[in-house]
Amino acid sequence: MKDLEREIYELECRHISPDVRISQEKLAEVLDDEFYEFGSSGGIILRSEYDGDHPLSPDHMELSDFKMHQLGEEAVLTTYRIENKTTGRNTIRSSVWKKRPNGWKLFFHQGTVSAV
């Protein structure tokens, strides 16, 4: 894995880790100010919704089939699969990360429920 790919992979792993999912402060370190998400539930979630009482479940998730596609010097697209070990649900995920003055931030995320 190249350096940038390793860095983004580690950020994706951080994004799904239980301790980040339940912490408003830690999640704020990952999410871009302009973040939005098309959730696996079918809803659209905006960055501002994570500023209040919007806790995520501290589920144990396993990431696989990770791929990174560079979109330019300051943006990358990632695609991967998640097996939620807590719920047994599988999803296909994609994220867009943007390079900001304070590091790479998660700009967009999508989760789609998958049979496998």
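The values are calculated or read from the model by the stated rules, or taken from the named source; none is laboratory data. Every value quoted in this text rests on a predicted model; they were computed, and no experiment measured them. Don't worry about glycine lacking a Cβ; one is built from the backbone with ideal geometry, like all the others, and counts go over all protein chains shown. These accessible areas exclude ligands, DNA and RNA; they are computed on the full protein's heavy atoms, side chains included. Shrake-Rupley method; radii C 1.70, N 1.55, O 1.52, S 1.80 Å.
For the reader, a short list of remarks on this structure follows.
- Matching residues in region 75-90 - criterion: being open to solvent by less than 80 Å² (accessible area, probe 1.4 Å) and in contact with an Asp or Glu (Cβ under 9 Å, 6 or more places away or on another chain): VAL76, THR78, THR79, TYR80, ILE82, GLU83, ASN84, ASN90
Yes/no per residue for (1) surrounded by 13 or more Cβ atoms within 10 Å (Cβ to Cβ); (2) at pLDDT below 85:
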residue	(1), (2)
SER23	yes, no
GLU34	no, no
LEU56	yes, yes
GLU62	no, no
GLU73	no, no
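- Qualifying residue in region 49-64 (condition: more than 23 Å from SER114 (Cα to Cα) and touching a strand residue (DSSP E or B) at 6+ places or on another chain (Cβ under 7 Å)): yes
- Residues of region 70-114 that are of a type in the set (A, V, I, L, M, F, W, C) and under 17 Å from SER41 (Cβ atoms): ILE82, ILE92, PHE108, VAL113.
- If you go through region 91-115 and keep only what is over 9 Å from the mean Cα position of the chain (by Cα) and surrounded by fewer than 17 Cβ atoms within 10 Å (Cβ to Cβ), you end up with ILE92, LYS99, ARG100, PRO101, ASN102, GLY103, THR112, VAL113, SER114, ALA115.
- Pairs where the first residue, in region 76-90, is over 25 Å from ASP32 (Cα atoms) and the second is assigned to a strand (DSSP E or B) and among the β-branched types (Val, Ile, Thr), C-beta under 8 Å, 6+ apart: ARG89/VAL113; ASN90/ILE82; ASN90/VAL113
- Check on ASP51, surrounded by fewer than 14 Cβ atoms within 10 Å (Cβ to Cβ) and at pLDDT 90 or above: no
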